[in-house]
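To start, the structure under review is shown below, and the notes come after it.
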Amino acid sequence: MSLDLFETRRMLAALEQRKPPRSFLLDTFFSGSETFDTEHVDIDIWKGKRRLAPFVNPRKEGKVVESQGYKTRSYKPPYIKPKKVTTAEDILKREMGQHIYGSNMSPMQKAAQRLGKDLAELDDMILRREEWMAAQVLTTGKVRCQGDGIDETIDFLMEAEHLPVLAGAALWSATTTAKPLQNMRDWKRLIAKDSGVNPTDVIMSPDVYDAMLYTDEVKGTNNLFDNRRIMLGQIEPRDVGGGVTYIGRITELGLDLWTYEEWYVDEFDDETEKSMIPTGKLIMGSPNAYTRRLYGAIKDLKSTGAVRRFPKSWEVEDPSARIVMVQSAPIPALHQVDAFLCATVK
């Protein structure tokens, strides 16, 4: 649109529609973190058995109990290093919301402001990638890392029983025959049996929550979510921010129910927005399970040690430009993989 120089105009406040990353899965299930100055991270995993001490006659020798072995798993965190380029031409252009006839900032000040924005954007992208990795690990037990010169899968060996897929009359969309409360009761018992950890939280995609509400088991007059709030449980949805809605608690099962709405765009998947928790799925687990956000070594001669993020900026002379880059090598690790379950219910 061309501007009429003799027409009176007013610049309103600029609208910058940022979409900050959300990290509900990371914050809930991967609160602890460790950094390493090595490329690989090795973890010894020992799964104990619920063995009973053997009986013996007091006049006999004590019974030898064999030691149980362990497995060592080696993880190589994938590498991330997004960068942005700023040229002198970018600095000379009018910033969004800036007065059309100039600003009070010098080119040096504009360059510094641009550098700060670029660093924040790159850090947001890395955090969103970490949240995506957490979602992949929790919903599939593995994460496939695809990119320029990389196509690797990190598999935490989640058992098939912890990835149940309902079918037919058991689907929660089959309103008259579905048993979502019984399903969750069975899954909680499975997790407790296999890991020794009692799950405390269920995180659903919104469509799963909608389907659950309309099942006969839930909407009946004596269901756990009756509006009279009987002692077994209650439902009282409230938005807690960050795309998260707290649905309510099933007191009988000791489970808090949540929905999580967050999306991402992957350049390998036609640039369309996809849901962080795929439709039709729910995650069951506990923040008390042993998990970690692991960060491997930064492969840069100027790196000062084991860090989660390593920002770096430098100039090139011809053509003149400033490049800013943030490096990281993250992986959300499920050390206690049996303490989680992802079910496809719809």
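Considering Y264, Y246, Y260, which residue is over 28 Å from A120 (Cβ atoms), among the aromatic types (F, W, Y) and in contact with a Phe, Trp or Tyr (Cβ under 9 Å, 6 or more places away or on another chain)?
Result: Y246 is the single residue among Y264, Y246, Y260 that is over 28 Å from A120 (Cβ atoms), among the aromatic types (F, W, Y) and in contact with a Phe, Trp or Tyr (Cβ under 9 Å, 6 or more places away or on another chain).
Taking segment 117-146 only, how many residues are in contact (Cβ under 8 Å) with a residue 12 or more places away in the chain and either acidic (D, E) or outside any helix (DSSP H, G or I) (or both)?
So the count comes out to 11.
Listed residues T304, T291; which is loosely packed, with under 14 Cβ neighbours inside 10 Å and out of contact with any Ser or Thr (no Cβ under 6 Å at 6 or more places or on another chain)?
Only one candidate passes the filter, namely T304.
Among the residues of segment 212-229, is any among the basic types (K, R), on the phi < 0 side of the Ramachandran plot, assigned to a loop (DSSP other than H, G, I, E, B) and modelled with pLDDT under 90?
yes
Limited to segment 248-293, what total is found for residues that are at pLDDT 90 or above, hydrophobic (A, V, I, L, M, F, W, C) and more than 19 Å from T344 (Cβ to Cβ)?
The qualifying residues number 2.
Kindly state which strands (runs of 3 or more DSSP E) lie completely within segment 265-346 and contain at least 2 residues that are among the hydrophobic types (A, V, I, L, M, F, W, C).
Of the strands (runs of 3 or more DSSP E) lying wholly inside segment 265-346, those with at least 2 residues that are among the hydrophobic types (A, V, I, L, M, F, W, C) span 281-285, 310-316, 321-327, 330-334, 341-344.
Please go through segment 147-169 and pick out each residue that is in a helix (DSSP H, G or I) and under 22 Å from G32 (Cβ atoms).
Matches in segment 147-169: H162 only.
With respect to G254, is the statement that it is over 14 Å from the mean Cα position of the chain (by Cα), in contact (Cβ under 8 Å) with a residue 24 or more places away in the chain and at positive phi true?
Against the criterion (over 14 Å from the mean Cα position of the chain (by Cα), in contact (Cβ under 8 Å) with a residue 24 or more places away in the chain and at positive phi), G254 qualifies.
In this structure, is P107 at pLDDT 80 or above and in the same structural domain as K312 (by TED's automatic domain parsing)?
When the stated conditions are applied, P107 does not pass them.
Just to be sure, is R189 modelled with pLDDT of 90 or more and either out of contact with any Asp or Glu (no Cβ under 8 Å at 6 or more places or on another chain) or part of a helix (DSSP H, G or I) (or both)?
Answer is yes for this residue.
Of (1) in a strand (DSSP E or B); (2) at pLDDT 75 or above; (3) closer than 24 Å to R292 by Cα, S74 satisfies all except one. Which?
(2)
Please determine whether any residue of segment 166-186 is among the hydroxyl-bearing types (S, T, Y) and in contact (Cβ under 8 Å) with a residue 60 or more places away in the chain.
Within segment 166-186, one or more residues are among the hydroxyl-bearing types (S, T, Y) and in contact (Cβ under 8 Å) with a residue 60 or more places away in the chain.
Need the failing condition index for S328 against (1) assigned by TED's automatic domain parsing to the domain that holds V244; (2) crowded, with 17+ Cβ neighbours inside 10 Å; (3) under 23 Å from C145 (Cα atoms); (4) among the hydroxyl-bearing types (S, T, Y), just the number.
Status for S328: all satisfied but (1).
The values are calculated or read from the model by the stated rules, or taken from the named source; none is laboratory data. Everything numeric in this text was worked out from a predicted model, so none of it was measured. When we count neighbours, we look across all protein chains shown, and the Cβ atoms used for this are built from the backbone with ideal geometry, even at glycine.
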